[in-house]
Amino acid sequence: MNIEEIENIELSYLSIKDYQELKATMISAYTSMPDAYWREHQIESLIEKFSEGQVVIKINGQIAGCALSIIVDYELFLRHNTYSDITANYTFKSHSDKGDILYGIDVFIKPEFRGLRLGRRLYDYRKELCEKLNLRGIAFGGRIPNYHKFSDKCSPKEYIEKVKSKEINDPVLNFQMSNDFHPSRVMKGYLEGDSASNEFAVLLEWDNIYYEKPSKKAFTKKKVVRLGLIQWQMRSYANLEELLQQVEYFVDAVSGYRSDFALFPEFFNAPLMAENNHLSESEAIRELAKHTADIVQRFSDLSISYNINIISGSMPEIVDDTLYNVGYLCKRDGTIERYEKLHVTPDESKVWGMQGGKSIKTFDTDCGKIGILICYDSEFPELSRILADDGMDILFVPFLTDTQNGYSRVRNCAQARAIENECYVAIAGSVGNLPNVHNMDIQFAQSMVFTPCDFAFPTNGIKAEATPNTEMILIADVDIDLLRELNQFGSVRNLKDRRLDIFSLKRT
């Protein structure tokens with residue numbers, strides 16, 4: 001049929017009233033297997049058990065194609081290799097509303113309607129249905145009808161590899177792989193009588209990137225996450241309580257916009273060193289470390305009372321007489337987790353005697369997995385890649401830079417981390433001057449939220465940016481589902497396309 005002749009294309013649920021036309025369509029689609037058509041009682045059973053899984057495409061009111069499906073438990077087709085087993089000997093008693101896989105029973109297109117990409121429409125429907133029902137994916141046994149021509153030259157596994165490398169053309173397998181299905185394993189004796197495939201089939205799977213394993217807990221993981229970045233003004237404070245009043249002001253402000261996270265900068269509490277400016281720099285920062293426990297407790301209290309996850313930036317902390325640069329994630333459920341700066345700058349080491357930490361990990365939150373790297377750590381790509389491999393969706397970078405040179409290093413590296421790790425990156429820093437604190441005289445910052453660079457994101461990879469060197473808050477929404485789509489269907493796929501056959505990254 002020519003496109004010019006098409007007046008109407010309709011996707012609709014299969015009705016038992018369509019059976020005789022469906023039978024004729026199937027017979028014409030499977031000319032090599034003239035008896036391979038579904039009987040009326042089988043179609044009636046499929047519709048009764050799972051009406052949403054049985055759809056037809058009609059062109060000008062005539063059936064042009066059909067897709068039949070059931071829902072099965074994932075373990076079922078891991079245990080069974082044949083079409084008969086998976087369909088319970090064609091009775092479809094294997095269907096279960098509590099299953100987690102949409103199993104493709106059949107897809108066929110009437111010969112005169114081929115070439116109109118109708119098969120893609122049917123597969124798109126299946127994918128949307130899979131997402132709607134929160135199933136973990138789609139699976140089916142794919143025929144390899146050209147295999148009989150090559151069976152004396154290569155095994156089914158070798159045949160699949162040659163199809164993937166375009167050395168052999170298999171229209172069915174090519175179509176499935178172009179629709180994002182990946183070969184999982186070869187199944188011998190899958191469909192009795194399929195001589196074109198030598199009765200071999202390929203188990204093909206499509207993973208639902210939006211699948212959420214059912215939970216009995218009373219919460220829903222957020223898909224759109226709101227970030228609140230505090231671009232903190234360095235100023236004099238009379239005491240710790242006055243500084244914490246300013247902290248609460250900002251927490252109140254960002255929570256008022258229903259933010260899920262509040263991000264403070266690195267060493268935001270440095271103004272408190274003014275009272276010890278008569279001491280050496282190394283002594284003054286150790287005095288500052290005495291406030292850390294109280295500040296963390298206040299942050300935790302605020303995270304609960306304002307219902308927001310707070311990333312405390314960073315503060316000095318002494319453990320076994322060793323000085324570290326650390327921060328705390330204070331979750332709104334009351335739990336507290338600690339992170340460390342692993343790479344201290346030459347200045348931090350030389351002037352303050354600070355040591356690098358030893359622990360890196362992702363953190364589970366009610367908004368997904370996040371990572372936190374303090375300032376200089378963002379300039380080491382290996383760290384964020386480790387976090388990405390652990391499933392990180394958002395990377396938070398609290399920083400402190402005195403010059404535009406230093407800021408540019410953090411900013412440019414942070415944006416690179418967003419692209420190469422297919423994640424969001426939020427950076428927050430301090431602005432202003434501290435004339436009464438040695439080694440903390442001036443600050444330069446522009447807080448920002450970076451995204452990957454692809455069609456679903458801003459073209460320049462910047463979701464939001466603060467005004468440079470001005471005290472303010474920055475609010476931005478990030479959509480986690482867009483990261484899942486990017487990972488599977490992006491113009492480029494930085495995580496998937498890594499050449500792990502020639503390099504690897506591991507922790508020591």
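The values are calculated or read from the model by the stated rules, or taken from the named source; none is laboratory data. All values reported here derive from a predicted model rather than from experimental measurement. Here the Cβ is made from the backbone with ideal geometry for all residues, glycine too, and neighbour counts use every protein chain on show.
The single condition among (1) assigned to a loop (DSSP other than H, G, I, E, B); (2) free of Cβ contacts under 8 Å to residues at least 60 places away in the same chain; (3) under 11 Å from Lys110 (Cβ atoms) that Met1 does not meet is (2).
Scanning the stretch 382-411 for residues that are under 20 Å from the mean Cα position of the chain (by Cα) and part of a loop (DSSP other than H, G, I, E, B) gives Asp390, Gly391, Met392, Asp393. Residues that are closer than 25 Å to Gly189 by Cβ, in the same structural domain as Gln20 (by TED's automatic domain parsing), surrounded by fewer than 21 Cβ atoms within 10 Å (Cβ to Cβ) and in contact (Cβ under 8 Å) with a residue 60 or more places away in the chain do not occur anywhere in the stretch 92-103. Condition first: modelled with pLDDT of 95 or more and either out of contact with any Ser or Thr (no Cβ under 8 Å at 6 or more places or on another chain) or crowded, with 20+ Cβ neighbours inside 10 Å (or both). Now tell me which residues in the stretch 368-377 satisfy that. Answer for the stretch 368-377, where residues must be modelled with pLDDT of 95 or more and either out of contact with any Ser or Thr (no Cβ under 8 Å at 6 or more places or on another chain) or crowded, with 20+ Cβ neighbours inside 10 Å (or both): Ile370, Gly371, Ile372, Leu373, Ile374, Cys375, Tyr376, Asp377. The criterion of at least 2 residues that are within 27 Å of the chain's Cα centre (by Cα), modelled with pLDDT of 95 or more and under 30 Å from Phe489 (Cβ atoms) is met by the following strands (runs of 3 or more DSSP E) wholly inside the stretch 426-477: 448-450, 462-465.
Take the residues of the stretch 341-381 that are of a type in the set (S, T, N, Q) and part of a helix (DSSP H, G or I): which is nearest to Tyr407 (Cα to Cα)? It comes out as Ser378. Of the residues making up the stretch 378-391, those that are in contact with an Asp or Glu (Cβ under 9 Å, 6 or more places away or on another chain) and buried (at least 21 other Cβ atoms within 10 Å of the Cβ) are Ser384, Ala388. For the stretch 282-293, enumerate the residues that are closer than 18 Å to Met234 by Cα and not small (Gly, Ala, Ser). Residues satisfying the conditions are Ile285, Leu288, His291, Thr292. Considering the stretch 216-229, the residues that are under 23 Å from Gly371 (Cβ atoms) and surrounded by fewer than 12 Cβ atoms within 10 Å (Cβ to Cβ) include one that is modelled with the lowest pLDDT, namely Phe219. Confirm whether Leu244 is assigned to a helix (DSSP H, G or I) and in contact with a Lys or Arg (Cβ under 6 Å, 6 or more places away or on another chain). Considered against the rule, which asks whether it is assigned to a helix (DSSP H, G or I) and in contact with a Lys or Arg (Cβ under 6 Å, 6 or more places away or on another chain), Leu244 comes out as yes. Of the residues making up the stretch 391-425, those that are among the charged types (D, E, K, R) and at pLDDT 95 or above are Asp393, Arg409, Arg411, Arg417, Glu420, Glu422.
Only one entry of Gly61, Gly53 meets the criterion of being surrounded by 20 or more Cβ atoms within 10 Å (Cβ to Cβ) and of a type outside the set (A, V, I, L, M), and that entry is Gly53.
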